[in-house]
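In what follows, a structure is listed as structure tokens, so that the remarks can point back to it.
The values are calculated or read from the model by the stated rules, or taken from the named source; none is laboratory data. Everything quoted here is computed from the prediction, not taken from an experiment. Virtual Cβ from ideal backbone geometry, glycine too; neighbours counted across all protein chains shown. Accessible surface is based on the protein model in full, side chains and every heavy atom, while ligands, DNA and RNA are left aside. Shrake-Rupley method; radii C 1.70, N 1.55, O 1.52, S 1.80 Å.
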Amino acid sequence: MGFFSKDVAIDLGTANTIIYVKGKGIVVREPSVVAIDRYTGKVVAVGNAANEMIGRTPENITAVRPMKDGVIAEFDITQAMIKHFIHQAKVVSVLKPRVVVSIPSGITEVERRAVEEAVIQAGAKEVALIEEPMAAALGAGLPVDRPTGSMVVDIGGGTTEVAVIAMGGIVSSRSIRIAGDALDSAIINYLKKNIGINIGDKMAEEIKIAIGSAYEDNEEGVYDVRGRDVTTGLPRTVQIRESQIREAIIDNINEMIEAVKMTLEHTPPELAADVMERGITLTGGGALIKGIDRLIADVTKIPTLVAEYPLDCVAVGTGKALDDIKKLLAKNKVR
Ligand code: ADP
Ligand code: MG
């Protein structure tokens, strides 16, 4: 640890937390999961270590995802998690760092304060907050400061955030609680109902990443799904096809597209015209669902592209916002 102050950016996502240090890049990338001892209330593990405990923990240990649906479901646990990751990033030295945190746009004033407090308690000198869609757009390299409108769709774990951005601000936006987690649940329900097999969250996510797709093409991936037979309760392996998973998740994907349309409807015509012409940029882990860009382009008739490194956009954009930290701090104080 050196005797110099560092500028730090944190992407506090519902699925993953990423810490970016200026001049260094990404130093922490871990699932937003905390393992808690139910009897003592103590934190047992955080991040990857906690994630590995899900579904296979002794009864007294529960793995918690303290951020749910884009909001902080568990205050104290979220704070403990933030602290843990900041220490893991080794950015607190004699000179305390300045930190920018990207937060879901749906969180309340009280929750904003809780995040600020957690970061200060973890050893930050100052903390500023930035809204996720803005960070995502910055990270995707969109011209957010220009008068032309840009649209970003960030598909995370808990929420899909759609926003049109121009002149450094969010012009119109929409946040729905349908994103990666909802797709996992849809897969679980589909397999239970149509195949008669029960699977866990992890298996569902695995299937989604392996053969999830939003658009029909010539490929038809298959996946061996391990679960439990609904009637016998015994372990069972079934080969599932890509088209089945598409059927399972398509309603949720259509909801995301509906949010895109609604956001455009609430965007001033000139800026909406910019979006029609310049296209839509997809960020977040959900942007990696095969063919989702093609389906959105097909339905909306707007060119749609997946950002390079979609999982990193919010963290990198929050890092870019560090340059404007004075402006952000001033903005936070006004409120
Ligand atoms: P958050 O910002 O909410 O933490 P992320 O942007 O990190 O979320 O995205 C996490 C979500 O993306 C999870 O639901 C995860 O399953 C999903 N995801 C990650 N990689 C892929 C992939 N290759 N295909 C489909 N979904 C993916
Ligand atoms: Mg995110």
Scan region 156-168 and report the pairs whose first residue is in a loop (DSSP other than H, G, I, E, B) and whose second residue is away from ligand 2 (no atom under 16 Å from the Cβ), with Cβ atoms within less than 8 Å and a gap of 6+ or a chain change.
-> 167/145; 167/146; 167/147; 168/144; 168/145
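Of 215, 223, 190, which residue is in a strand (DSSP E or B) and closer than 20 Å to residue 292 by Cα?
So the residue among 215, 223, 190 that is in a strand (DSSP E or B) and closer than 20 Å to residue 292 by Cα is 223.
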So residue 246 fits all but one of (1) modelled with pLDDT of 95 or more; (2) basic (Lys, Arg); (3) open to solvent by 80 Å² or more (accessible area, probe 1.4 Å); what number is the exception?
-> (3)
Failed item, numbered, when residue 137 is tested on (1) away from ligand 2 (no atom under 16 Å from the Cβ); (2) crowded, with 23+ Cβ neighbours inside 10 Å | (1)
Tell me, please, whether a residue that is within 16 Å of the chain's Cα centre (by Cα), farther than 25 Å from residue 218 by Cβ and in a loop (DSSP other than H, G, I, E, B) can be found in region 283-297.
-> yes
Scan region 143-174 residue by residue and report those that are within 16 Å of ligand 2 (Cβ to nearest atom) and surrounded by fewer than 24 Cβ atoms within 10 Å (Cβ to Cβ).
-> 170, 173, 174
Would region 262-275 turn up any residue that is within 24 Å of the chain's Cα centre (by Cα), within 16 Å of ligand 2 (Cβ to nearest atom) and surrounded by 14 or more Cβ atoms within 10 Å (Cβ to Cβ)?
-> no
Pick from 194, 189: which is over 18 Å from the mean Cα position of the chain (by Cα) and either at pLDDT below 95 or more than 21 Å from residue 156 (Cβ to Cβ) (or both)?
-> 194
Any idea which residue in region 252-261 is nearest to ligand 1 (Cβ to nearest atom), counting only those that are within 23 Å of residue 311 (Cα to Cα) and open to solvent by 10 Å² or more (accessible area, probe 1.4 Å)?
-> 252
Meets criteria (among the polar types (S, T, N, Q) and in contact with a His (Cβ under 8 Å, 6 or more places away or on another chain)) for residue 213 = no
Which residues, taken from region 26-45, are within 16 Å of ligand 1 (Cβ to nearest atom) and open to solvent by less than 10 Å² (accessible area, probe 1.4 Å)?
-> 28, 32, 33, 34
